[in-house]
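Step one of this worksheet: look at the structure below.
The values are calculated or read from the model by the stated rules, or taken from the named source; none is laboratory data. What you are looking at is a predicted structure, and each value in this text was computed from that prediction instead of being measured. As a convention, Cβ positions derive from the backbone with ideal geometry for all residues, glycine included, and neighbour counts pool all protein chains shown. Note: areas computed on protein heavy atoms with side chains; ligands, DNA, RNA excluded. Shrake-Rupley method; radii C 1.70, N 1.55, O 1.52, S 1.80 Å.
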Amino acid sequence: MSNGVSTSTDKNIVDKSRSHRNKPASKAVRLTRERLQSSHAPSGAFDRDVLTLYINAVLQGASIAPLFVIIVTALGIYFTGDAQILLWGFLTLTAHAANVFLARRARKQEMTVVSARKWRRVLLLGQFMIGCCWAVFALQDCTACEPSSFVLYKGATLLIALSLTAMWNFMLTPCVLVTFAPVVLGLIAKSGLSREFLEIGLTATLTTTVIFFNYISDRLFKSNLRILAYQSEKDDLIAELEVAKSMSDEARRRAEEANLAKSRFLASMSHELRTPLNAILGFSEVMSAEVMGPLNNPTYKEYTGDIHRSGQHLLNLINEILDLSRIEAGKYELNEEAISLLDISEDCIGMVQLRARGKNIAITQQFEPELPPVWADEKSMRQVLLNLMSNAVKFTPQGGEIHVKVGWTAGGGQYISIKDNGPGIPEDEIPVVLSAFGQGSIAIKSAEQGTGLGLPIVQAILSKHDGQFLLKSKLREGTEAIAILPAMRVLQSVPAVEDTQAVSRKRRSFA
């Protein structure tokens, strides 16, 4: 059967774990990261992006191809002396201008999935027109030129054109094949008819180069497609993180409003609860003491004692809840002064001594002599020691022992250790007992059940003092609670300055 105790860290007043992560944000990050590492972009998912990149590349390099055609035309006239190559240059420039015009028109259009496919076919047709122009160039002959020089001129020109096409148009995947398929077919037909060695060599070299550049452009296209997929996944991740962040901010705002409403409720109800409790405690104490006269029925006197004890218990519970509320709201103020942990420990031992004798519990003390005072809030430190000693007396069996130690820490601070030989706490329940309203299985089975606020308040008070609270326990081996104050709160005494003789004042002399 569940005891109704939550082990969630949101009840801890002093959270020593890592910063909390919003569950929706954590889930969004995990799912998107898994998709980023395992998924692949579906076919046609980035047609618009790919076509946009191709159009931008064509428009950016619009001046390179015409300049190259003009240079080739000028060299052709120089080698052949025939002005017919000017016609080829004009046709090629016209085809290139038409392709640039189509790219400009495509960029102005709203690109959708359907229109992207249509424009892709149109732009491939434009590249085919340019390829036909290069096929015309490859089929030209020069009777007045040396065959090897002219073939070298054509081969170098076609290879440069092929490299430029592969470099600028790789985002249009079959562009290299579409552009230079007419060139290769024309060279194959020409070399098959002429059977010249130079033409055959040029055809074989160009065909191999076309296949190689097509492979390179395909790899470049896939690499850019992968980059686009990563960019898209990153954008999705950022969007999901923004949504998760907004959800987290909204949840935090609601939690702050709920906490503020709780603080206001406790502040308003503290007066409403304490006023009738004071009357209950006062009147029940007067009746049990028989100040106004004896009670004829002894059972009534017993009832008044029960009423007084119950009211006192309820008042202590209200005070603990209000202390917890002030600590959570950050309004728990410390009235710090120089205090001695030895004196406070002796006073607290005296307060619980009577109750310990009732259970035949021996309290032994081991104090470090001549401990210097510390800078702390005396009321808060007394509350810390009383809570720890009360817990030790409460859970120590008949005839048990409690050891109280006060001394130095290794870092120069001071500590108070309270160790008992009670039933102990299982190690997996220590986070539970350190949370607000948390109780271990031993405390639930015990006849003296508390509210589960003592240890959280101790932990919070020590945290306000920049200190530390340690709870060491094992089942059937007892429990040790250690309250530690840092070295910065220890007031080291400075030796008195010895009295020195006053220096006589020199009289001024005026010469």
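Summary table
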read-out	value
Selection status of Thr208, among the β-branched types (Val, Ile, Thr) and either open to solvent by 50 Å² or more (accessible area, probe 1.4 Å) or modelled with pLDDT of 85 or more (or both)	yes
Residue count, the stretch 410-427 (criterion: closer than 19 Å to His465 by Cβ, under 37 Å from the mean Cα position of the chain (by Cα) and open to solvent by less than 40 Å² (accessible area, probe 1.4 Å))	3
Close pairs from the stretch 454-478: first farther than 9 Å from Val384 by Cβ and among the hydrophobic types (A, V, I, L, M, F, W, C), partner crowded, with 22+ Cβ neighbours inside 10 Å and modelled with pLDDT of 85 or more, Cβ under 6 Å, at least 6 apart	Leu471/Ala481
Among the candidates Phe137, Phe150, Phe170, Phe128, residue that is aromatic (Phe, Trp, Tyr) and open to solvent by less than 10 Å² (accessible area, probe 1.4 Å)	Phe137
Filter pass, Asp377 being closer than 16 Å to Leu455 by Cα and crowded, with 19+ Cβ neighbours inside 10 Å	no
Entirely in the stretch 336-379, the strands (runs of 3 or more DSSP E) that have 1 or more residues that are in contact (Cβ under 8 Å) with a residue 60 or more places away in the chain, within 19 Å of Thr409 (Cβ to Cβ) and aromatic (Phe, Trp, Tyr)	374-377
Residue check, Glu302 free of Cβ contacts under 8 Å to residues at least 24 places away in the same chain and either open to solvent by 40 Å² or more (accessible area, probe 1.4 Å) or among the aliphatic types (A, V, I, L, M) (or both)	yes
Which listed residue is of a type in the set (Ser, Thr, Tyr), out of contact with any Cys (no Cβ under 7 Å at 6 or more places or on another chain) and either open to solvent by 70 Å² or more (accessible area, probe 1.4 Å) or touching a residue at least 24 places away in the same chain (Cβ under 8 Å) (or both), from Ser232, Ser288, Ser246, Ser223	Ser232
Per-region count, the stretch 415-464, residues modelled with pLDDT of 75 or more, part of a loop (DSSP other than H, G, I, E, B) and touching a Leu at 6+ places or on another chain (Cβ under 6 Å)	3
Subset of the stretch 92-118 [open to solvent by less than 90 Å² (accessible area, probe 1.4 Å), in contact (Cβ under 8 Å) with a residue 40 or more places away in the chain and over 14 Å from Val58 (Cα atoms)]	Thr92, Met111, Thr112, Val113, Ala116
Total residues in the stretch 137-157, condition hydrophobic (A, V, I, L, M, F, W, C) and either assigned to a loop (DSSP other than H, G, I, E, B) or more than 13 Å from Leu75 (Cβ to Cβ) (or both)	6
Residues (under 32 Å from the mean Cα position of the chain (by Cα), buried (at least 16 other Cβ atoms within 10 Å of the Cβ) and hydrophobic (A, V, I, L, M, F, W, C)) located in the stretch 466-484	Phe469, Leu471, Ile484
Residue match in the stretch 78-87 (condition: among the charged types (D, E, K, R) and either modelled with pLDDT under 55 or touching a Cys at 6+ places or on another chain (Cβ under 8 Å) (or both))	yes
Filter result for Ser310 (hydroxyl-bearing (Ser, Thr, Tyr) and at pLDDT below 85)	yes
Scope the stretch 192-218; condition of a type in the set (S, T, N, Q), over 60 Å from the mean Cα position of the chain (by Cα) and under 14 Å from Lys154 (Cα atoms); matching residues	Thr203
Residues satisfying the stated conditions in the stretch 193-205, i.e. open to solvent by 60 Å² or more (accessible area, probe 1.4 Å), in contact with a helix residue (DSSP H, G or I) (Cβ under 8 Å, 6 or more places away or on another chain) and of a type outside the set (Val, Ile, Thr)	Glu196, Leu198
Looking only at the stretch 390-402, and only at residues there that are open to solvent by 10 Å² or more (accessible area, probe 1.4 Å) and assigned to a helix (DSSP H, G or I), the one that is nearest to Leu434 (Cα to Cα)	Asn391
Test: Pro276 is free of Cβ contacts under 8 Å to residues at least 24 places away in the same chain, part of a helix (DSSP H, G or I) and farther than 30 Å from Met167 by Cα	yes
Condition broken by Ala116, with the remaining ones in (1) part of a helix (DSSP H, G or I); (2) more than 54 Å from the chain's Cα centre (by Cα) satisfied	(2)
In the stretch 173-192, the residues that are aliphatic (A, V, I, L, M), in contact with a helix residue (DSSP H, G or I) (Cβ under 9 Å, 6 or more places away or on another chain) and surrounded by fewer than 16 Cβ atoms within 10 Å (Cβ to Cβ)	Leu185
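Conditions tested, residue by residue: (1) open to solvent by 20 Å² or more (accessible area, probe 1.4 Å); (2) touching a strand residue (DSSP E or B) at 6+ places or on another chain (Cβ under 9 Å); (3) among the charged types (D, E, K, R).
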{"residue": "Leu59", "(1), (2), (3)": "yes, no, no"}
{"residue": "Thr73", "(1), (2), (3)": "no, no, no"}
{"residue": "Ile77", "(1), (2), (3)": "yes, no, no"}
{"residue": "Gly81", "(1), (2), (3)": "yes, no, no"}
{"residue": "Arg121", "(1), (2), (3)": "yes, no, yes"}
{"residue": "Gly155", "(1), (2), (3)": "no, no, no"}
